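This report concerns only the one structure given below.
The numbers here are math on the coordinates, done by the rules we state, and not lab data. Just so we're clear, the structure is a prediction, and the values are computed from it rather than from any experiment. Note that each Cβ is placed from the backbone with ideal geometry, even for glycine, and that neighbours are counted across all protein chains shown.
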Amino acid sequence: MSGVAVQLNDLRRAFGTVHALDGLDLELHPGELIALLGPSGCGKTTALRVLAGLEDADSGSVVVDGRNITGLPANRRDMGMVFQAYSLFPHLTALENVRFGLRLRGRRGGGDRAAEMLDLVGIAEFASRYPHQLSGGQQQRVALARALAISPQVLLLDEPLSALDAKVRVQLREEIKRIQTEVGTTTLFVTHDQEEALAVADRVGVMRAGRLEQLGEPADVYLRPVNAFVADFVGLSNRLPGRLDGEAVEVFGTRLPLVSPGSAGPDVIALVRPESVDVTPDPDGSGRVLTAGFLGPMSRVTVAVGDLVVIAQVDSGRMADLPPGTAVRLDLRPVPVALDDAAPRDRPFRS
Amino acid sequence: MAGVIARRRRRQRVLRWVVLAVLGAFFVLPLVAMVEFTTRGDQDTWRLLVDWPLLSQTYPALADGIVASLGQAGLTALLMLVLLVPTAIWVRLRLPGLRRLVEFICLLPLTIPAIVLVVGLAPVYAWVNYLLGGSALTLTFAYTVLVLPFAYRAIDAGLSAIDVPTLAEAARSLGAGWGTVIWRVVLPNIRSAVLSAAFLTVALVLGEFTIASLLNRTNLQVAINFLGKSSATMSVAVSLATLLLVFVLLLLLSLLGARRRGAGS
Amino acid sequence: MAEKVITPDLVALRPGVRGHRGRGVARTRSLLGVVPFFAYVTIFLIIPTLVVVIGAFASDQGGFTLANLAALREAYILQAFGRSILLSAVTAVIGAVFGALLAYALVTAKPGGLLRRAVTAASGVLAQFGGVTLAFAFIATIGLSGFVTVFLRDDLGIDPYAGGVWLFELPGLILVYTYFQIPLMVIVFLPALDGIRPQWREAAESLGGTTWTYWIRVAGPLLLPSFLGSTLLLFANAFSAYATAAALVSQGNPIIPLQIRGALTSEVLLGQQNLGKAMALGMVVVVAVVMTLYALLQRRTARWLA
């Protein structure tokens, strides 16, 4: 089954004075998984629900596979949906839940397809269990199977992993990616967890206040954020003072290329990722280690430089050399950085 | 723009108001009728009702009934609290195994209708008459049993909302005796639940008729019923007044609950 | 920090420290704490219940007999049971249907809003509004000189009592009982309605379901146990009611609770006392069965809609 193209055109939705959607334009290519990422209230869930037909947009259109389905009620839209919680019908077994959509379409039985779907999501042995007998992760697998059983044109996932334990979350997102790739359905995945979005998506759309700030592949969004909001929301960023110098910015004595040309200046704030900061013990260094936190394979060190606190990522093997109080030298790698724009928002930049 | 969802919400709103209007009319009608009935013509039923000395003179049985009910309500609330609150706390702290038994017993009166209970109470009350006389206030003993389900549920809900064993352990580790634990540690934290139980008790006692009537004692409802034979208007007026009083009580109760929820969250 | 005083009670908090005998002493002391409660309940609840149960099987001479139970098969008693069951069933169903409708209307309103809180509070009051006061309320409404009766007679020319004074008989009881059955249903059924998650409706829709299929396949089955259980509770409530009937019915004892009253106050027939206990036992059995079914249905509801 190959996916279809989806377009959200200039969607607007206001609740009183709050603009949940403020001119959202989004295109999903056939078969791709787009993650909508953003803080609470940015409109990502509203966008998904408008696409599903569970909410009306004030203006704008929804086009699926070339058809304008804006006025179509939710039950005629041929979409599968997985909710954050309470996805499953509690009075039906896992198998009966998955069969629900099939039976509505007149497939008398549909048991084979349902069993096949449960197998796909790796939960075949729990087919006759009731939702209250399943763990959170298992329930969401069944919900996914149920959504896919009807072979929908679009798959919609509304923060499906947010209510689960951390370890289950990581496990299940890999599963979702695998299944989605195998089945090939165009998918919209809403989440507030940027790590999850980067791990799962073909493209990531970062939203704020009802609009898309940036849409691009995970690596692009992470390494080349178009503005301060994206740089800050996706991954960690240090805010370091620097001097704008033509097409580069000078921070701590190093010239760093820019992701996009800066306009203000010459004094600007550069957004530098922790992994671009090298920390070396140096008795003449201008920095001093404040805290050193072990995080597994990598570790995080905070260094005080004058009034600034800089976060650096350090290989865990070197932690022994960097106890709190050590005098250190900071070197920045020449990786492109974004500038903090205290001025009004830039236009969304697509890469 | 289609507005499918908006259309559905509008339909729900219409249905909601139609249902409320029709059923609301049904429920308001008797209340309106009671007001009309008691203010018909040139009676001064209400003026008489609020004039206590005149009322006791004109309708002594009614006055007796009112006084008896107020006494019963107060005593029952007191007895219920003294009996139930320490027991509920004690069971939680020291005898968790008995909790189901206590719960079962407290819910038993729901399954035993008052009319059945009074049949069995007759011989017991023969002894009560012998020991304590035949005053209407002795109905307190029976009433405490009647309120058990409601009072227990209220107090149990209050105890469930706080972690009694932990509070007790903390107090005990600081040197408190069991009495102090109950009186100064647990009780202040279930104040609103206790008040709920008391309010429910008063509401129930004021509305009780069956046991009082069949044990040949007086109370408010018995008096109203008796009065109905001679003065329909007065009995309706007292009924309305009682209803308003209970409504105010339960309204206070729900406001209390709302405040507790607001403060606790 | 105060010195900790080691008392036997404190030791009892740490089982295993003292020997078995130490624990036994502590446990007896604990049990003492609940003696007042159990003693009270025994005297005023258990003993009366036993009086009824045992008395139903007792003859006038004090021996065991089934005669009282056999006497229950008398026509007038069976008819009274029949009318009680009819009254309870009819008012339970009417109360359940309209109460569920009202509860549904409430649940579609704003959750913390004024409407819902006001109607819920009013239901709480009206559900308790039984007995004598309710009887007089209806007498004032549709009694012989009631507000509505006068309006119908004088303004519309209809005499509601042309066929007989039904208010003080079974039809009147049905009307009056409905007044507290409907609010009771709202109180008992509303929690179940609250337990219906919006996600279920949305899931059903996205899977292609209409409003109709949603109610038939999802909300209906989920609410059925609670609806049935609540109806049963209404049945038990009406079956046990006494005061309203006592105040309304002046002629005869059409329902069982009034028959029991007759047996209690009767001085005409000796041996009526134990017959009253047999009737009371009959009532308890009916109510106990109904309440057990209710409890079982509630458990199912709690699992799905908690």
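Normalising the Debye intensity of the protein assembly as shown to I(0), with uniform scatterers on Cα atoms only, and taking log10 at q = 0.10 Å⁻¹ returns -1.19. Helices in the protein assembly as shown, meaning DSSP H runs of at least 4 residues, each add -39500 (n - 2.57). Divided by all residues, the mean residue ellipticity at 222 nm is -18000 deg cm²/dmol. Spread over its residues, the convex hull of the C-alpha atoms of chain B is 219 Å³ per residue. Cβ crowding within 10 Å ranks C:TRP212, B:TRP46 as C:TRP212, B:TRP46, fewest other Cβ atoms first. When C:SER88, C:SER250, B:SER56 are sorted by how many other C-beta atoms sit within 10 angstrom of their C-beta, beginning with the fewest, the order is C:SER250, B:SER56, C:SER88.
Peptide B:243-251 is shielded by partner chain Cβ atoms: per residue, an average of 4 of them sit within 10 Å of its Cβ.
List every DSSP H helix in chain C whose Cα atoms extend 27 Å or more along the helix's own long axis and whose mean Kyte-Doolittle hydropathy is at least 1.0.
The qualifying helices are C:75-107, C:170-194, C:220-240.
Counting every C-alpha pair in the stretch C:74-305, the share spaced more than 33 angstrom apart comes to 30%.
Among B:TRP183, B:TRP178, the order by Cβ neighbours within 10 angstrom, fewest to most, reads B:TRP183, B:TRP178.
Mean sequence separation of contacting Cα pairs (under 8 Å, at least six apart), scaled by the length of chain A, corresponds to a relative contact order of 17 percent. The count of lysine pairs in the protein assembly as shown whose Cα atoms are under 27 Å apart, excluding pairs fewer than 8 places apart on the same chain, comes to 4. Could you tell me whether the stretch A:151-235 comes out rounded, prolate or oblate from its Cα gyration tensor? Rule is a ≥ b ≥ c as square roots of the eigenvalues, rounded for a/c under 1.5, then prolate if a/b exceeds b/c, otherwise oblate. Taking the square roots of the gyration eigenvalues as a ≥ b ≥ c, the stretch A:151-235 is prolate.
Inter-chain Cβ neighbour count for C:239-249, averaged per residue, equals 5 (cutoff 10 Å, partner chain atoms only). The stretch A:30-86 and the stretch B:177-191 have Cα centres lying 55 Å from one another. Measuring r between the beta carbons of B:LEU256 and B:ASN129 and using R0 = 25 Å, the FRET efficiency lands at 0.05. Within 10 Å of the Cβ of each residue in C:35-47, the mean number of Cβ atoms contributed by other protein chains is 6. What you get for the stretch B:21-146, charging only the Cβ of Lys and Arg (+1) and of Asp and Glu (-1), is a dipole of about 740 debye around the Cα centre.
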